[in-house]
């Protein structure tokens, strides 16, 4: 962009305001001392100064764009939400953003948001306040209102404007799910005016903001759904969906968002009591805590000093190895996939193609990802890979034999990784000539969905290998957690007593469905026995032999003897058909059952902290939440255990 001059009348730390020859104002957002743009109170104050200046010196138009490689705006400053301690502070925080963005929406000159990369929460609310929006058509461009996942609501105009732009059905879907849409999806639904190529984005923004076109609005049929007399009817349908997704009413934010749209047209300033109730709710506080835990895990990857992995070689094309390969290829890494059985490679490629269709939703991107995933039954890619990861059978002798064969073929600087779920990484590396290059990189099943990856550290591990492992996991968009090389590491170590206690209840005569029902009511995404079936009863059995304090439950041994291993064999604690569990009728869980089941998990998590498996209680909570799905609204097992004790 060529500018005629830079505005010197303002002293700005987080913005640069320039005017071009058409007197079009370009506002570059570049938050100081941060890798991402966030709408902190200081940033918002400066934005107000810019609007004051432009009100006194009207431009032909105003374009917002980002100076960050990471994206447009990552939302509000969550630390400021976490610091709200009373109703007055909550209302002031909402009012500040609402009134500032309303100034953008009512500006006498046209405004446009040029979105590239992430545009989340308050960032999308700012874009919605603009007359026009363009999204740069790149894979990393994602637009969302994820506040509901933090237990809060889009309070700066999103609930009011989004239904008018794309219609209430689509708007409520985005607000109540928190899901993100790509540039092309946003253009299709009318959230942005167009998805434009990066090379012409600035030119397109200049043309569009000065075009005089009317602002995008939902069509007449969708607009009719915003009618006050229609809203209650629509709300009943949406309420049924909320109740199905959250039948035990653990999460208040979705219901509050729906109520604000119906009762107050999406204006939270008309509902101060709702703001107060939500800001002080335990679920909101705990979900904000979980956000900070997630950010801490991300920092391990962000701060890792290592080059990106260009070539990954995976040995073992079973479910875990094949899916690790697929996720890596989807993230832009060249992957060679080796297995003695070519059928396993073929099946892995089939699962990969399905994953790419679901996630990428673009034939060109799907084909590019498939092209990066190379079948390699003879292991030719091994010598060229930056990282070699084995995901073969959980047999230490077989793994050590593989490492003896692989190590001499590794190129200089390449690292060797094992995806073992329970074996000692130190023991697996005992015969290596250079054990410092072996690291445990433990993914969880299903790989594409589970965000946590344990980085298993040993005394022999070099700092360079550790850094490379952390950086690789971050490269995949997952959350790395350093753990000590002890039996079960963190996640399996805490899961084992939880799953085994559930199985002891089966031995006592309780039905699996009743046991699982207790934990669904507690807030777990799956009951312990459905989870055991999904993981595989053979894997649970192997972990249990290492980790059980008082023997294995009879029912588990009986299933193993009958080769009933759960989902993979079609029968375990439940019957499975085509990968889907056949539902069984649950009885009423006896009082105290949930506490009985969860207490061994809490106790083992505390032991892991005491023994240094993870560095502290916060990382332990983070690992269990993101590695097991532990009910996020409870803030983590140790946090929950402490609050239960305090109450």
Quick one: of the DSSP bridges fully inside the chain, what percent are antiparallel, nearest 5?
25 percent
Estimated [θ] at 222 nm from DSSP helical runs (n ≥ 4, -39500 (n - 2.57)) normalised by residues in the chain, nearest 500
-14500 deg cm²/dmol
Report, in degrees rounded to the nearest 10, the 0 to 90 angle that the Cα long axis of helix 593-610 makes with the longest principal axis of the chain.
90 degrees
Expected output is a single nm value to one decimal: the length gained when fully extending between residue 200 and residue 188, i.e. 0.36 nm times separation in residues minus the C-alpha distance. What is it?
2.4 nm
At q = 0.08, 0.09, 0.10 Å⁻¹, what log₁₀ I(q)/I(0) does a Debye calculation on the Cα points of region 5-283 give, no solvent, two decimals?
-0.32, -0.40, -0.50
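Let me know the Kirkwood hydrodynamic radius for the chain, please, with Cα pairs as the basis and the value in Å to one decimal.
On the way: mean 1/r = 0.0373 Å⁻¹.
Kirkwood hydrodynamic radius for the chain: 26.8 Å.
Multiply the residue gap between residue 561 and residue 548 by 0.36 nm, knock off their C-alpha separation, and tell me the result in nm, one decimal place. Could you put the intermediate results ahead of the total?
Numbers: separation 13, 0.36 × 13 = 4.68 nm, distance 1.87 nm.
Length gained, residue 561 through residue 548: 2.8 nm.
If you average 1/r over every pair of different alpha-carbon atoms in region 121-215 and take one over that average, what Kirkwood value in Å do you get? Mind dumping the intermediate values first?
Details: mean 1/r = 0.0736 Å⁻¹.
Hydrodynamic radius (Kirkwood, Cα pairs) of region 121-215 is 13.6 Å.
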In Å, what Kirkwood hydrodynamic radius results for region 491-646 from the alpha-carbon pair distances?
15.8 Å
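Please state, to two decimals, what the Cα-based radius of gyration of region 21-70 comes to when divided by 2.2 N^0.38 Å (N = residues). It would help to have the intermediate numbers written out before the result.
Values: Rg = 12.0 Å, N = 50, 2.2 N^0.38 = 9.7 Å.
That ratio works out to 1.24.
Grab the beta carbon distance between residue 179 and residue 221, set R0 = 22 Å, and tell me the FRET efficiency rounded to 0.05. Show your work: numbers first, answer last.
Details: r = 23 Å, r/R0 = 1.05.
Between residue 179 and residue 221 the formula returns 0.40.
How compact is region 468-559 by the rule of thumb for globular proteins, expressed as Cα Rg over 2.2 N^0.38 Å? Don't skip to the answer; put the middle values down first.
On the way: Rg = 15.3 Å, N = 92, 2.2 N^0.38 = 12.3 Å.
Against the empirical 2.2 N^0.38 Å value, I get 1.24 for region 468-559.
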Once you have all Cα-Cα distances for region 567-623, histogram them in 5 Å bins from zero and send the whole-percent values.
4, 15, 14, 10, 12, 16, 17, 11, 2
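Based on other C-beta atoms within 10 Å, arrange 98, 261 from fewest to most.
Values: 98 19, 261 25.
So the ranking, lowest neighbour count to highest, is 98, 261.
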In what sequence, highest mean first, do 72-85, 143-156, 293-306 appear when ranked by Cβ atoms within 10 angstrom?
143-156, 72-85, 293-306
Starting from the 7 Å offset along Cα-to-Cβ, what nm value, one decimal, do you get for the label separation of residue 463 and residue 30?
3.2 nm
Using only Cα atoms, find the angle between the long axis of helix 637-646 and the longest principal axis of the chain, and express it within 0 to 90 degrees, rounded to the nearest 10.
80 degrees
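Once Rh for region 277-370 is found with the Kirkwood sum over Cα pairs, what is the Stokes-Einstein diffusion coefficient at 25 °C and 0.890 mPa s, in µm²/s? Could you put the intermediate results ahead of the total?
Details: Rh = 15.8 Å.
Answer from the Stokes-Einstein relation: 155 µm²/s.
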Only bridges with both residues in region 5-283 count here: give the DSSP antiparallel percent, nearest 5.
30 percent
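Could you work out the mean projected area of the convex hull around the alpha carbons of region 229-347, in square nanometres to one decimal?
12.7 nm²
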Roughly what would the spin-label model give for residue 106 and residue 246, points 7 Å off Cα along C-beta, in nm?
3.2 nm
Given R₀ = 25 Å, FRET efficiency for residue 393-residue 367 by Cβ-Cβ distance, to 0.05?
0.15
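Would you mind ranking 344, 474 by Cβ crowding within 10 Å, fewest neighbours first? If you can, show how the numbers build up before the last one.
Numbers: 344 19, 474 22.
Ranked by crowding around the Cβ, least crowded first: 344, 474.
Between residue 578 and residue 236, what FRET efficiency follows from the Cβ-Cβ distance if R0 is 41 Å, with the result rounded to 0.05?
The formula returns an efficiency of 0.75 here.
Over all directions, how big on average is the projection of the convex hull of the alpha-carbon atoms in region 381-471, in square nanometres? Intermediate values should be presented prior to the final figure.
Details: hull surface 23.0 nm².
If you wrap the Cα atoms of region 381-471 in a convex hull and average its projections, you get 5.7 nm².
Please give the peptides 416-423, 33-40 ranked by average Cβ packing (other Cβ atoms within 10 Å per residue), highest first, as a rough proxy for protection. Spell out each step's value before the answer.
Values: 416-423: 22.5, 33-40: 17.5.
In decreasing order of mean packing, 416-423, 33-40 become 416-423, 33-40.
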Which of the peptides 365-371, 633-639 is most tightly packed, and how do the rest follow, judged by the mean count of other Cβ atoms within 10 Å per residue?
633-639, 365-371
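Can you give the convex hull volume per residue for the Cα atoms of region 312-484, as a whole number of Å³? Walk me through the intermediate numbers first.
Numbers: hull volume 16.9 nm³, N = 173.
Convex hull volume per residue, Cα atoms: 98 Å³.
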Kirkwood Rh, Cα atoms: Rg over Rh of region 31-119
0.99
Quick one: helix 253-264 against the long Cα principal axis of the chain, what's the angle to the nearest 10°, folded into 0 to 90?
20 degrees
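When N counts the residues of region 395-547, how does its alpha-carbon radius of gyration compare numerically with 2.2 N^0.38 Å, as a ratio?
Values: Rg = 17.6 Å, N = 153, 2.2 N^0.38 = 14.9 Å.
Rounded to two decimals, the normalised Rg is 1.18.
Values in this text are rule-based calculations from the coordinates and carry no lab data. All of these numbers come straight from a predicted model, not from anything done at the bench. Virtual Cβ from ideal backbone geometry, glycine too; neighbours counted across all protein chains shown.
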